[in-house]
1. Exactly one of (1) surrounded by fewer than 19 Cβ atoms within 10 Å (Cβ to Cβ); (2) under 16 Å from the mean Cα position of the chain (by Cα) is unmet by HIS178. Its number?
2. Here's a check for you: in the stretch 181-205, which residue that is surrounded by fewer than 20 Cβ atoms within 10 Å (Cβ to Cβ) and in contact (Cβ under 8 Å) with a residue 60 or more places away in the chain is farthest from GLN94 (Cα to Cα)?
3. Output the residues belonging to the stretch 135-155 that are more than 16 Å from the chain's Cα centre (by Cα) and either of a type in the set (Gly, Ala, Ser) or not in a loop (DSSP other than H, G, I, E, B) (or both).
4. Check ILE163 against each of (1) in a helix (DSSP H, G or I); (2) under 17 Å from the mean Cα position of the chain (by Cα); (3) within 19 Å of GLN77 (Cβ to Cβ) and name the one condition it does not meet.
5. What's the total number of residues in the stretch 79-109 that are under 12 Å from the mean Cα position of the chain (by Cα), part of a loop (DSSP other than H, G, I, E, B) and more than 8 Å from the ligand (Cβ to nearest atom)?
6. When the residues of the stretch 1-54 are narrowed to those that are assigned to a loop (DSSP other than H, G, I, E, B) and of a type in the set (D, E, K, R), which ends up surrounded by the most Cβ atoms within 10 Å (Cβ to Cβ)?
7. Just checking, how many residues over the stretch 152-168 are more than 13 Å from PHE106 (Cβ to Cβ), touching a Leu at 6+ places or on another chain (Cβ under 8 Å) and crowded, with 18+ Cβ neighbours inside 10 Å?
8. May I ask you to list the residues in the stretch 187-209 that are away from the ligand (no atom under 16 Å from the Cβ) and either within 18 Å of the chain's Cα centre (by Cα) or in a strand (DSSP E or B) (or both)?
Amino acid sequence: MEDSYRHQGMRKKLVDTIRKKGICDERVLEVIGSIPRHFFLDSSFLEFAYEDKPFPIGSGQTISQPYTVAFQTELLQVKKGDKILEIGTGSGYQACVLEALGAKVFSVERQKRLYDKTKEFLRELGYHIKVFYGDGNKGLPTYGPFDKILITAAAPNLHENLIDQLKPGGTIVVPLGHGAVQTMMRYTKQLTGELTAESFGAFRFVPLLGDKAND
Ligand code: SAH
């Protein structure tokens with residue numbers, strides 16, 4: 001896989017685009033500018049890699065729009081050394097963004113084919129993301145508690161397991177809702193264990209699959 005000057009130029013334009021749309025965390029912009037998003041798409045779709053659009057990655061799933069990746073990442077306020085649980089590995093792009101910001105990333109994918117493909121691919125790229133196959137709603141009890149949890153599929157509700165696996169002071173970013181459009185929410189766990197909620201507008205994600213999803 002090659003990251004040419006042409007790719008780098010397209011990426012620079014993409015960074016300008018998402019900056020204009022309101023992303024202002026320079027560290028997030030720098031990481032979006034440095035990770036070759038075209039590696040995460042089939043090579044025949046290269047010209048789509050640097051448009052600010054979601055794109056199909058197989059198994060009926062999509063790689064999120066760069067603006068959305070940047071928006072969720074900005075909300076997470078990633079610090080070096082943060083232990084982060086991502087639900088919905090998909091292409092692995094978002095997980096790489098988190099690792100590039102210095103986080104230790106644990107990511108769960110519900111679809112076996114995507115899991116197999118992405119796990120191997122991330123290893124080849126040299127990332128240290130720990131990828132798991134299963135229902136992310138259950139979290140990863142043996143690896144928690146986490147500083148942060150990021151859900152990258154539309155969640156009708158927030159599972160108690162995930163709240164339990166969040167450290168006091170930790171945050172969960174999740175597109176919450178039943179329908180085609182969700183509300184981006186950020187929950188912060190207080191030292192008392194209570195959650196406070198903030199909302200950040202409308203987004204569209206593919207739905208979170210339940211326990212009995214077909215692979
Ligand atoms: N973060 C991804 C985009 C995710 S799209 C990226 O950067 O490319 C949403 C992903 O969530 C899909 O891959 C889908 O298969 C996965 N998913 C859906 N339900 C899930 C569940 N219950 N647990 C874990 N992953 C799930």
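The values are calculated or read from the model by the stated rules, or taken from the named source; none is laboratory data. These numbers come from a predicted model, not from an experiment. Reconstructed Cβ throughout: ideal geometry from the backbone, glycine too, with neighbour counts over all protein chains shown. Accessible surface is based on the protein model in full, side chains and every heavy atom, while ligands, DNA and RNA are left aside. Shrake-Rupley method; radii C 1.70, N 1.55, O 1.52, S 1.80 Å.
1. Here HIS178 meets the rest and fails (2).
2. Residue satisfying both the conditions and the ranking: PHE200.
3. Within the stretch 135-155, the subset more than 16 Å from the chain's Cα centre (by Cα) is 138, 140-145.
If the condition is that a residue be more than 16 Å from the chain's Cα centre (by Cα) and either of a type in the set (Gly, Ala, Ser) or not in a loop (DSSP other than H, G, I, E, B) (or both), then LYS138, GLY144 are the ones that fit.
4. Only one criterion is unmet by ILE163, namely (2).
5. Pass one, the stretch 79-109, residues under 12 Å from the mean Cα position of the chain (by Cα): 84-99, 105-109.
Remaining after also requiring part of a loop (DSSP other than H, G, I, E, B): 88-92.
Right, trim to more than 8 Å from the ligand (Cβ to nearest atom) and you get none.
Matching residues across the stretch 79-109 total 0.
6. If we take residues in the stretch 1-54 being assigned to a loop (DSSP other than H, G, I, E, B) and of a type in the set (D, E, K, R), then ASP25 is surrounded by the most Cβ atoms within 10 Å (Cβ to Cβ).
7. Here the count works out to 4.
8. At the first step, the residues of the stretch 187-209 found to be away from the ligand (no atom under 16 Å from the Cβ) are 187-202.
Within the stretch 187-209, TYR187, THR188, LYS189, LEU195, THR196, ALA197, GLU198, SER199, PHE200, GLY201, ALA202 meet the criteria.
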